[in-house]
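For reference, the structure discussed in these notes is given below.
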Amino acid sequence: MSVKGIIFDNDGTLVDSERVAATLLHQMLSEHNIQLSVAEVLDRYRGVQFELFMADIKTQAPGLNVDRFVQSFRVASLHMFQAGLNAMPGAVDFVKALKLPGCVTSNGPPSKIETTLKAAGLYPWFEGRLISAYDVGSWKPEPGLILAGCDFLDLPPENCLLVEDSHAGVQAGLAAGTKVVGYGLDTDFSVYVGRPDFYLARHYRDLAHLLTRI
């Protein structure tokens, strides 16, 4: 097997946090007369650097105090995550059974990664193995964050498998030279199908099966 280590995205891949965050953003944006549905927020927000998302929002609401909005969102979302957050279906069992070394690479700040993994019951397997774009200074779809994950695992990119639920994440992994799994049911990954280092896994059981053959 050429895969010697696994790099996980966090939000929407290990923890079911994206819809929670998108719902909160929808509510907070509505208070500023910015009308985006939860689905529209998810479409714009999933996998991208949050500051870029907010820069786009700023064009719709020039008077919005972005710094204050972001701070309020960070505080409120952490409280919501701490109140209860589920792991993605099958994630806990998969991670428990995993024999390969792994780490988490996320566009989110360190406090969010740690809080969400603790709330979802996954933190014990990733303590000390969290890599934030805010620490690296590189955000998906740039490859730098994924390469930092490869360096952490002390493996060349071609021996790493990245598990991602977003286009930005998949693009980052392919640019870094890793094998990439497009995970989940919410993103259309058809544009990548046929690429030699891209795979689909709709569920964690699909990912477990995939590891037996690559």
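The values are calculated or read from the model by the stated rules, or taken from the named source; none is laboratory data. Note that the structure is predicted; figures quoted are calculated from it, not measured. Backbone-built Cβ (ideal geometry, glycine too); neighbour counts: all protein chains shown.
So here's what we get for this one:
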read-out	value
Residue count, the range 74-118 (criterion: surrounded by fewer than 19 Cβ atoms within 10 Å (Cβ to Cβ), within 17 Å of Gly47 (Cα to Cα) and hydrophobic (A, V, I, L, M, F, W, C))	0
Listing of strands (runs of 3 or more DSSP E) fully contained in the range 68-171 that carry 3 or more residues being hydrophobic (A, V, I, L, M, F, W, C) and on the phi < 0 side of the Ramachandran plot	160-164
Matching entry among Gly102, Gly12 (being at pLDDT 90 or above, within 29 Å of Leu161 (Cα to Cα) and touching a strand residue (DSSP E or B) at 6+ places or on another chain (Cβ under 7 Å))	Gly102
Matching option when the condition is closer than 20 Å to Ala76 by Cα and either part of a loop (DSSP other than H, G, I, E, B) or modelled with pLDDT of 95 or more (or both), among Leu36, Leu25	Leu36
Qualifying residue in the range 142-152 (condition: touching a Leu at 6+ places or on another chain (Cβ under 9 Å) and surrounded by fewer than 19 Cβ atoms within 10 Å (Cβ to Cβ))	no
Residue within the range 126-134 that is out of contact with any strand residue (DSSP E or B) (no Cβ under 8 Å at 6 or more places or on another chain) and without any contact (Cβ under 8 Å) to a residue 12 or more places away in the chain present	yes
Subset tally (residues that are closer than 22 Å to Glu18 by Cα, in a helix (DSSP H, G or I) and either more than 18 Å from the chain's Cα centre (by Cα) or aliphatic (A, V, I, L, M) (or both)) for the range 181-213	4
Subset of the range 149-201 that is of a type in the set (Gly, Ala, Ser) and touching a Pro at 6+ places or on another chain (Cβ under 7 Å) - its residue that is farthest from Arg46 (Cα to Cα)	Gly177
Test: residue in the range 92-110 that is in contact with a Lys or Arg (Cβ under 6 Å, 6 or more places away or on another chain), hydrophobic (A, V, I, L, M, F, W, C), touching a residue at least 24 places away in the same chain (Cβ under 8 Å) and assigned by TED's automatic domain parsing to the domain that holds Asn10	yes
Residue match in the range 26-35 (condition: within 30 Å of Asp93 (Cβ to Cβ) and surrounded by fewer than 19 Cβ atoms within 10 Å (Cβ to Cβ))	no
Matching residues in the range 28-74 - criterion: being basic (Lys, Arg) and touching a residue at least 24 places away in the same chain (Cβ under 8 Å)	Arg46, Arg74
